[in-house]
Amino acid sequence: MTRALLSRVAESIFWVGRYVERAEGTARILDVSVYQALEQSDVEGSQAGRRLLAVMGLPDSGTETLRQATERLATDPKSRSSIAGALAAARENTRAVRHVVPVEFWEHINATWAALPLQWEAGRRAGPALYLSFVKTQCAGMMGLADTMMSRDQTWLFFTLGRCLERTDVVARQLATVAFDEVFDSGLVMLLRSCGGYEPYLRLSQGVVEPGRVLDFLLRDRLFPRSAFASLTLAEDCLDEINGGHDRWDDARALIGLARAELEYSAPASLARSLDTKLERLQTAISSVSDAVTGRYFAQDLPVQWRQGAGK
Amino acid sequence: MGDLFDGYGESAHGLSEVAFDEMVGGGGVARLPYAGVATSLAQMGPDDVSSRASRLARAFMDQGVTFDLDGEERPFPLDVVPRIFTADEWTQVSDGVAQRVRALEKFLADVYGSARIVSDGLVPHELVTSSPGFVRAAHGYTPPNGVRIHVAGIDVVRDEAGEFRVLEDNLRSPSGVSYVLANRAAIARVLPELFWGQPVQMVNDYPARLINALRCAAPASVQDPTVVVLTPGVHNSAFYEHALLARLMGVHLVEGRDLVCHGTDVFLRTTEGEVPVHVIYRRVDDDYLDPLQFRPESLVGCPGIVNAARAGRVTIANALGNGVADDKLVYTYVPSMIRYYLGEDPILQNVETMHLVDAGIRARALARRDELVFKRVDGSGGKGLVIGAKATGRELDTLAHEVEADPRRWIAQRLVALSTSPTWVDEAMVRRHVDLRPFAVNDGEDVWVLPGGLTRVALDEGGLVVNSSQGGGSKDTWVTGGGPPGPVLPPRQMTAPAAARPQDVGPLEEEELGVQQQQQQQQQERLLR
């Protein structure tokens, strides 16, 4: 039996990776911003609420409080940017391909999705941290099951590729909303926390929180698995493996390589100076990679509609 | 038997009272195979049984053991009480089912070939050609290993006397086997004590048997065939089953849009380009399989695969045109087919059935329409089924109209009071009607019958329709004793070999820690002095 995956199945798996990573990333971001707003006694929290929506690239009514923005990003079933929406999409995609993923993986994702409404209700009384930590733990469970149960075949490779692209995208989005020349230390700490990298950063920098080093850490640390560089490198490895030793030109691989090299070989000063442009390019690169992967591996003709006697 | 079963015998009314009960025999005593299970459940008591029932339901929700109804995923309720057969009872069912499948295989080969049974006058010519399941494109086609019925689901019920009778044959794409596997796994986890002290024949051989039969059916020229499961998609009511079988066989689960035909070859669209396919276990109806041959608007099939199958380049399983053999009017001829093709007496009897094409019989049947059961000859899943005793006068008049308009499409049967079995409904143990769908797999050498099959139970009081789409549930189905033992692992030494290495441990073993603590304490004491 061949190791190849059906194009449709590969596409679903890729999106399962993206959506699970997105749900986890969103949970981290919400957790930090809710906590931050409490500490700063920003009762209205409109500033923080609007930042949240901006990170996700969602339209902003201008009056959204933090509470409303949090609820929307946590529970809106119709939006693929909310935790509930992303997990529903992950679950729907997994359902269609459940025959190729470990049973535990499917059950975990299915049970998580089914438990969300109750968790949110419980969170209404005890605060959203309960819901958010449930989501983080469950997502970690999915990643763990994928890493310990799946063969490193194309199923795992496309899943991981999706995760890496999404992870890079989440980091880039977060950095793009921070004004690095006027940010306070507390803002940097919040940024590090919402990328899940606060403590590793502290150990690396011996406790010094400073914009240039934070930027360097989140964009191109080699060891921190959530940095853009580490994610892009893993994505490259996945694409190499998927391409399987064929020396065929691969647009997606080239685009990732270029984006990774730009981060890797930019002088620290120039990275900070032209940050906006670089982040913009990074985000564009991620969508182009996604398109290139789709074009090469997933694209298929629409179902053939046959009309008898039609045309020649 | 304790208070759990108090009042069980009286929980049936009307028709259900005359039904054979699977568990309780004459005198209100549990039949032997049920004794252990009844005792275990009685010992648990109602509260524990109730909590196990919720755990079963919860496990099925988490595992996504569902069927789709009107676009909504629903769990398929699993009852806490298994349905149990003795090895002897099962031998009769299993031999009867296998015999039927062998005869029906010969019938299909015959009607799509020289039609000897017609020229010999046993089956009328019009009966075959007027069947909605007769497919002209299948004429003259010979499958590679002679098998057309790779999988059969032969519905068997127990009448008032406890005799097994075949209710209908399903030879197109019978579904439900996934629930047999899921039910067993769930009951074993949630109610392990029910199994104590009695061997139950295992069911998880099924996927291995199926993939073997499908590989055997590949075109002769192919050494290592690629087998796929073809599903209409995630919204099909049996999608759970399609996915489960694909996973347990390790094959691709494909939709029509994943397949493409070039000439008479069929390919899969994969991440590594197009890969040839040799056997398609399709769970798509004939009508939707190939828009070139059948319904041109079908989007769930693949244009050209019927031609590819006729050219012998790919095998479609089950074969095209099997519907002619599970037509409910053809069903009435199966006992004579068994005598004609196999020279054997039928092991399982049919339910008494009336043909409605003859005007005299039709008039007599319609006169008794409030007590008979009417079925569409090509109906399945409880569709096109009218139970006279439960229908309104208006429904019966509509029925009479439809039968008169097209008598070939209908049959009438005696209403059988299906056997009853103890079932946990609304916190009480009550009698509910059950049927049975045994599954048979034909690999060309042998017809193998999965021990047990799917027991469906009508959860409404007095209900006789067990289909999942009409409020039915299911039961784990056991064949106890007899049969081949489960797979045996190579004998294992009970004591570890002498050279076994102890497991590695990290630093700071407890004693070491103790010494260190002592020293730390001594240091403190010295300081304090």
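Given springs between every Cα pair under 10 Å in a Gaussian network model of chain A, which of A:ALA84, A:ALA252, A:ALA96 has the largest fluctuation? Per the Cα network of chain A with a 10 Å cutoff, A:ALA96 tops the list.
For the segment A:175-183, counting C-beta atoms of other chains within 10 Å of every residue's C-beta and taking the mean gives 0.
Building the convex hull from the alpha-carbon atoms of chain A and averaging its projection over directions returns 20.2 nm².
Calculated [222 nm] ellipticity per residue, helices only, for chain A: -23500 deg cm²/dmol; basis is -39500 (n - 2.57) per DSSP H run with n ≥ 4, divided by all residues, nearest 500. Across A:ARG50, A:ARG222, A:ARG296, mean-square fluctuation computed from a Gaussian network of chain A (C-alpha pairs under 10 Å connected) peaks at A:ARG296. The stretch B:396-415 and the stretch A:121-172 have Cα centres spaced 57 Å apart. Compute the long axis of helix B:393-405 from its Cα atoms, compare it with the longest principal axis of the Cα atoms of chain B, and write down the angle in degrees, 0 to 90, nearest 10. Result, in degrees: 60. Exceedance of the 28 Å cut-off in Cα-Cα distance is limited, within the set B:LYS328/B:LYS390; B:LYS375/B:LYS475; B:LYS390/B:LYS475; A:LYS78/B:LYS383, to A:LYS78/B:LYS383.
Arrange the following residues from fewest to most other Cβ atoms within 10 Å of their Cβ: A:ARG91, A:ARG273.
Least crowded to most crowded, the residues run A:ARG273, A:ARG91.
Computed from label points 7 Å out along Cα-Cβ, the spacing between A:LEU202 and A:TRP249 is 5.0 nm.
With respect to chain B, whose longest principal axis is taken over its alpha-carbon atoms, helix B:239-249 is tilted by about 70°. FRET efficiency for B:ARG74 and B:ASP47, Cβ-Cβ distance as r, R0 = 30 Å, nearest 0.05? For B:ARG74 and B:ASP47, the calculated efficiency is 0.65. As a rough guide to protection, the peptides A:4-15, B:437-448 ranked by mean Cβ packing within 10 Å, highest first, stand as A:4-15, B:437-448. Mind running the shape call on the stretch A:95-247? Use the C-alpha gyration tensor, a ≥ b ≥ c as the square roots of the eigenvalues: rounded below 1.5 for a/c, prolate if a/b tops b/c, oblate otherwise. Since a/c reaches 1.5 but b/c is at least a/b, the shape of the stretch A:95-247 is classed as oblate. Placing unit charges on the Cβ atoms of the charged side chains and taking the dipole of the stretch B:15-80 about its Cα centre, the candidate lying farthest along the positive direction among B:ALA19, B:GLY45, B:PHE60 is B:GLY45.
With the helix formula -39500 (n - 2.57) applied to DSSP H stretches of n ≥ 4, chain B reaches a computed 222 nm mean residue ellipticity of -9500 deg cm²/dmol.
I'd like to compare A:276-287, B:152-163, B:309-320, B:92-103: which one has the highest average count of other Cβ atoms within 10 Å, and what's the full order after that?
Details: A:276-287: 16.8, B:152-163: 19.5, B:309-320: 23.0, B:92-103: 21.5.
So the peptides A:276-287, B:152-163, B:309-320, B:92-103, ranked by packing, come out B:309-320, B:92-103, B:152-163, A:276-287.
Other residues whose C-beta falls under 11 angstrom from the C-beta of B:ARG431 contribute a net charge of -4, scoring Lys and Arg +1 and Asp and Glu -1. The angle separating the long axis of helix A:46-56 from the principal Cα axis of greatest extent in chain A is about 20 degrees. The stretch B:148-226 and the stretch B:48-91 have Cα centres spaced 16 Å apart.
Pull out a ≥ b ≥ c, the square roots of the eigenvalues of the alpha-carbon gyration tensor of the protein assembly as shown, then state rounded if a/c is under 1.5, prolate if not and a/b is larger than b/c, and oblate in the remaining case.
On the way: a/c = 2.13, a/b = 1.64, b/c = 1.30.
It comes out prolate by the Cα gyration axes.
What does the average come to when, for each residue of peptide B:250-257, you count the partner chain Cβ atoms lying within 10 Å of its Cβ? Before the final figure, lay out the partial values.
Working: counts 3, 2, 8, 8, 3, 5, 2, 8.
That works out to 5 on average.
Charging the Cβ of each Asp and Glu at -1 and of each Lys and Arg at +1, and nothing else, the dipole of chain B about its Cα centre rounds to 920 debye. With the simple spin-label model, which puts each label point 7 Å out from Cα in the Cβ direction, the B:GLN92 to A:GLU121 separation comes to 5.0 nm. A cut-off of 5 Å between modelled amide H atoms, ignoring neighbours fewer than 5 places along the same chain, links B:PHE85 with B:TRP478, B:VAL479, B:THR480. Look at A:SER205, B:SER119, B:SER421, B:SER11 and count the other Cβ atoms within 10 Å of each Cβ; fewest to most, that gives B:SER119, A:SER205, B:SER11, B:SER421. In this structure the amide hydrogen of B:THR264, modeled in the peptide plane, comes within under 5 Å of no amide hydrogen from residues 5 or more places off or on another chain.
Would the stretch B:133-224 count as rounded, prolate or oblate if I go by the C-alpha gyration tensor, calling it rounded below 1.5 in a/c and otherwise prolate when a/b exceeds b/c, oblate otherwise?
Values: a/c = 3.16, a/b = 1.53, b/c = 2.06.
Judged from the Cα gyration tensor, the stretch B:133-224 comes out oblate (a/c at least 1.5, b/c at or above a/b).
Computed from the coordinates by the stated procedures, all read-outs in this text should not be read as laboratory data. Bear in mind that the values here come from a model prediction, so they are computed numbers and not experimental data. Positions of Cβ are generated from backbone atoms using ideal geometry, with glycine treated the same way; all protein chains shown enter the neighbour counts.
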